[in-house]
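As structure tokens, the structure follows; a few thoughts come after it.
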Amino acid sequence: MPRCSHTYADSSQCRRIVSAEQQLCYSHDPSRASERKRNAGRGGRAKASGELGRVKARLHTLADMVEKGQMDRADAAVISQIWGCYLRAVSVELRVREATELLERLEALEESLQANAAQTHGGNRWLGA
């Protein structure tokens, strides 16, 4: 079976299997770099939504236990406050990650605009030729 032809800095070979028409795996194919970046950006949102589901399930279980008299209301209140703090922390983490991603995208756009401006009449694209 064909394997990825990427060689690491320590001279070892990537062990991933690729199809016959490919030379590089998904992780090492430069033509898929933007796709990898997009997917990595989604990873944080997927993680946050998974965490949200788990917290909701635990809060639901906590509420059921209180209703059935299996847990003291005061204890349940403290536990739910802790989970509320946890959810706020996850929310802040997600906002920071999104802001960082937007900043990176904005910087890339600015660099692209500057490069285009430098190529177009010394930076002034409105001057006619």
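The numbers here are math on the coordinates, done by the rules we state, and not lab data. Note that the structure is a prediction, hence the values are computed from the model and not measured. A quick note on method: Cβ atoms are made from the backbone with ideal geometry, for glycine too, and the neighbour counts reach across all protein chains shown.
Computed quantities for the displayed model
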{"read-out": "Length added when fully stretched, V55-L103, from 0.36 nm per residue minus Cα-Cα", "value": "14.3 nm"}
{"read-out": "Lone cysteines, the chain (no partner Cβ under 4.7 Å)", "value": "C85"}
{"read-out": "Other-chain or far-sequence residues with amide H under 5 Å of R3's (modelled H)", "value": "V18"}
{"read-out": "Surrounding net charge for I79, when Lys and Arg each add one and Asp and Glu each subtract one, Cβ distance under 12 Å", "value": "0"}
{"read-out": "Proportion of all alpha-carbon pairs of segment 61-119 beyond 13 Å (%)", "value": "72"}
{"read-out": "Listed candidates [x] 45; [y] 74; [z] 63 - label of the one calculated as percent of Cα pairs over 18 Å apart", "value": "[y]"}
{"read-out": "Taking the chain and dividing mean pair separation by its residue count, relative contact order in percent (alpha carbons under 8 Å, at least six apart)", "value": "13"}
{"read-out": "Computed helical MRE - 222 nm, the chain, DSSP H runs ≥ 4 contributing -39500 (n - 2.57), nearest 500", "value": "-23500 deg cm²/dmol"}
{"read-out": "Note, ³J(HN,Hα) from phi for segment 33-38, Karplus 6.51, -1.76, 1.60, rounded to Hz, x at Gly and Pro", "value": "4, 5, 5, 4, 5, 4"}
{"read-out": "Positive dipole terminus of the chain, leading residue within V96, A108, A40 (C-beta point charges)", "value": "A40"}
{"read-out": "Cβ-Cβ FRET estimate between A118 and R38, R0 fixed at 35 Å, reported to 0.05", "value": "0.80"}
